[in-house]
Every structure is written in structure tokens, then in C-alpha cells.
Amino acid sequence: MKIALLQMTCSPDKGENIEKAARYVREAASKGADLICLQELFSTIYFAYTQDPKFFDLAEGIPGPTTDRMAKEAKENNIAIVAPLFELDSEVPGTYYNTAVVIDRRGRVLGKYRKTHLPQLPGYDEKYYFRHGNLGYQVFDVDGRKVGVYVCYDRHFLEGPRIMALKGAEVIFVPTCTGVYPELWELELRAHASFNTVFVAGVNRVGSEYEGQEHPYYGSATVVDPTGKVVAKASTSEELLVVDIDPGLVVERRKSAPFLRDRRPDLYAPISQFL
């Protein structure tokens, strides 16, 4: 399986960002990629650096114009896409989510993951814009491969990847927008991969997007194998990272490191008591 991770700069022009991403999708396909993961909220700037109601106008339904465009690119270029965007809930008006849409190479929307954990930190005012995700931790069958998705701040929490691994995920994508906690970026991706014996692929955006931004987004898209080893890492600049991975290594690793087999879920119930 060949995967592509796109870390790019974004402008205030939503259409411009979508066109740029589409060009990279075609480039990834030309390099033989089976799936490309775009960064968190790829079609817009990271507007949650502040609280401003005008940014709610950037949201759209799923399906909608952006997912339609990405589905077209997927079908025409024979490549699956993980496309994270600002979702307007079509069933509950006035409700918004930070969502990643999974599209297969035939252009079919397989489903979506809504970001579960929302930060409320300087420069990351997400609880103003988004509702906590409510779809759980799904695993998508993407052209015969089992794929999970976790979004940005989610990566600080260990439960999601474990659930996805138990559901059969072979690779978990982590689309991100961060300029903080650089000391945790690689560490957490490696930990999720090692504890759950899966591939983990994190992709971040790059650059500065607003005046006075203290912590520019640092890119560093990273792919980790089931042993916790970093097999590829991007720079801190705009880049398309294309990497070959072998999902068969998931099974091979679990033969010598049977961590999932040796769990004791009968003893883990106290976790749920600390709510």
C-alpha cells in the first residue's frame, strides 16, 4: 500500500485551498499512491485561533461542494482520500463538527469521523465552533484495507486508537493542525503505533496564517510502523510525502508482540468510573 500525506499552507480563499489540494491529489496519484490524507480543515485557514461568528459561513454539509469535488478527484485519479473539513450538520441546524470524510477510489463517500476531543487553549478555541464528535471510532474498508481516522487533539488520548485496532484497523491517519507540543508529536504517534501494533500516519499543516501567530504550524508529517519505528518524516515546509507501507507487518508484529491478545479487559472497568 502506498500512502500520501499532504502538509500545505492555506490562504483565506477557500476555493484556492481546494484547488491546491486537488493538484496535490493528482500528483500523489501520479506517484502511485493508493490513498492520500489531507490536513485537518484542509479547505480553510485554521480559523479557531479566535472566536468570530463570520467563520461559521465556511461550514458545509456532507455531502456538499467540497466532498463532491474530492470524490470527483478520487474517481478520476483512482485514489482514495481522507478529507477533513468544517461540517454543518444537515440534520440539526446550527450544529457544527470538525470532521474527516473518507472517500474511496471510486468516488464513494464511505463515511466520516467527527473529532471527539476539542481543545480550548490559546490559539485553539475549538469549543466555540464545534460540537464534540458523536460517531465513535469507526474503521473504514478502503479498497480492501482497514483504515481508522483520529483528528489532531485526539492524539493526546489513548482510547481511540486502541478501539480502532481492536476493530481491525491496519493504519490510522491523524490529520492535524498544530504549532504547539512539538515534543509530543512524534512521541505520541510512535506510542499509538507501538501499543496497538498498527501503522500510524500523522499529517500537519505548515506556516503562519494570522497576524501575531506565536507558534507557526510545523508540518513534520510522520509515518510510524507497528514496531513504533519512524519510517518516513517530512520537513517543516509545504510537502507531499509519499510512502510505501506493508499492512502485512501488522500481523507479523503481533506474532512476536501479542499485546492485544494479552489484554485484561475484565480488569479495566474502573476506567469508566472516573467520568
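The values are calculated or read from the model by the stated rules, or taken from the named source; none is laboratory data. Everything quoted here is computed from the prediction, not taken from an experiment. No Cβ is skipped: glycine too gets one built from the backbone with ideal geometry, and neighbour counts run over all protein chains shown.
Could you list, ordered by first residue, the pairs with Cβ atoms under 9 Å in which the first is in the range 251-275 and in a helix (DSSP H, G or I) and the second is of a type outside the set (A, V, I, L, M) and surrounded by fewer than 10 Cβ atoms within 10 Å (Cβ to Cβ), at least 6 apart or interchain?
Every condition considered, the pairs that remain are Arg254/Arg261.
Consider Tyr97 carefully, then state whether it is of a type outside the set (Asp, Glu) and not in a strand (DSSP E or B). It would help to see each step written out before you state the result.
On the way: of a type outside the set (Asp, Glu): yes; not in a strand (DSSP E or B): no.
No, not satisfied.
Quick one: is Val180 assigned to a loop (DSSP other than H, G, I, E, B), surrounded by fewer than 19 Cβ atoms within 10 Å (Cβ to Cβ) and without any contact (Cβ under 8 Å) to a residue 60 or more places away in the chain? Step through it out loud before you land on a result.
On the way: assigned to a loop (DSSP other than H, G, I, E, B): yes; surrounded by fewer than 19 Cβ atoms within 10 Å (Cβ to Cβ): yes; without any contact (Cβ under 8 Å) to a residue 60 or more places away in the chain: yes.
For Val180, the condition - assigned to a loop (DSSP other than H, G, I, E, B), surrounded by fewer than 19 Cβ atoms within 10 Å (Cβ to Cβ) and without any contact (Cβ under 8 Å) to a residue 60 or more places away in the chain - is met.
Restrict the check to the range 201-209 and report whether at least one residue is surrounded by 24 or more Cβ atoms within 10 Å (Cβ to Cβ) and either modelled with pLDDT under 95 or outside any strand (DSSP E or B) (or both).
yes
Just to be sure before I move on: is Ala169 in a loop (DSSP other than H, G, I, E, B), crowded, with 24+ Cβ neighbours inside 10 Å and without any contact (Cβ under 8 Å) to a residue 40 or more places away in the chain in the structure I sent?
On the way: in a loop (DSSP other than H, G, I, E, B): yes; crowded, with 24+ Cβ neighbours inside 10 Å: yes; without any contact (Cβ under 8 Å) to a residue 40 or more places away in the chain: yes.
Against the criterion (in a loop (DSSP other than H, G, I, E, B), crowded, with 24+ Cβ neighbours inside 10 Å and without any contact (Cβ under 8 Å) to a residue 40 or more places away in the chain), Ala169 qualifies.
Can you tell me how many residues within the range 143-193 are β-branched (Val, Ile, Thr) and in contact with a helix residue (DSSP H, G or I) (Cβ under 8 Å, 6 or more places away or on another chain)?
Number satisfying all stated conditions: 4.
Which of the residues spanning the range 1-16 are outside any loop (DSSP other than H, G, I, E, B) and within 17 Å of the chain's Cα centre (by Cα)?
Of the residues in the range 1-16, the ones outside any loop (DSSP other than H, G, I, E, B) are 2-7, 14-16.
Selection gives Lys2, Ile3, Ala4, Leu5, Leu6, Gln7.
Going by the conditions given, is Phe56 exposed (fewer than 15 other Cβ atoms within 10 Å of the Cβ) and touching a residue at least 60 places away in the same chain (Cβ under 8 Å)? Working first, answer last.
Details: exposed (fewer than 15 other Cβ atoms within 10 Å of the Cβ): yes; touching a residue at least 60 places away in the same chain (Cβ under 8 Å): yes.
Answer is yes for this residue.
Residues of the range 106-142 being farther than 26 Å from Arg69 by Cβ, of a type outside the set (Phe, Trp, Tyr), in contact with a helix residue (DSSP H, G or I) (Cβ under 7 Å, 6 or more places away or on another chain) and assigned to a loop (DSSP other than H, G, I, E, B), which ones?
Selection gives Thr116, His117, Leu118, Pro119, Gly123.
Specify which of the listed residues (Ala33, Ala83, Ala48) is small (Gly, Ala, Ser), touching a helix residue (DSSP H, G or I) at 6+ places or on another chain (Cβ under 8 Å) and not in a helix (DSSP H, G or I).
Values: Ala33 fails: touching a helix residue (DSSP H, G or I) at 6+ places or on another chain (Cβ under 8 Å); Ala48 fails: not in a helix (DSSP H, G or I).
So the residue among Ala33, Ala83, Ala48 that is small (Gly, Ala, Ser), touching a helix residue (DSSP H, G or I) at 6+ places or on another chain (Cβ under 8 Å) and not in a helix (DSSP H, G or I) is Ala83.
It is to be established whether one or more residues within the range 160-172 are more than 19 Å from Phe140 (Cβ to Cβ), under 18 Å from the mean Cα position of the chain (by Cα) and not small (Gly, Ala, Ser). First the steps, then the outcome.
At the first step, the residues of the range 160-172 found to be more than 19 Å from Phe140 (Cβ to Cβ) are none.
No: the range 160-172 contains no residue that is more than 19 Å from Phe140 (Cβ to Cβ), under 18 Å from the mean Cα position of the chain (by Cα) and not small (Gly, Ala, Ser).
Could you check Lys14 against (1) surrounded by 23 or more Cβ atoms within 10 Å (Cβ to Cβ); (2) closer than 27 Å to Tyr128 by Cα and say which number it fails?
If we test Lys14 against (1) surrounded by 23 or more Cβ atoms within 10 Å (Cβ to Cβ); (2) closer than 27 Å to Tyr128 by Cα, just (1) comes out false.
Which of the residues belonging to the range 210-227 are at positive phi and either buried (at least 19 other Cβ atoms within 10 Å of the Cβ) or in a helix (DSSP H, G or I) (or both)?
Taking the range 210-227 and keeping what is at positive phi, we get 212, 219-220.
Gly219, Ser220, listed by residue number.
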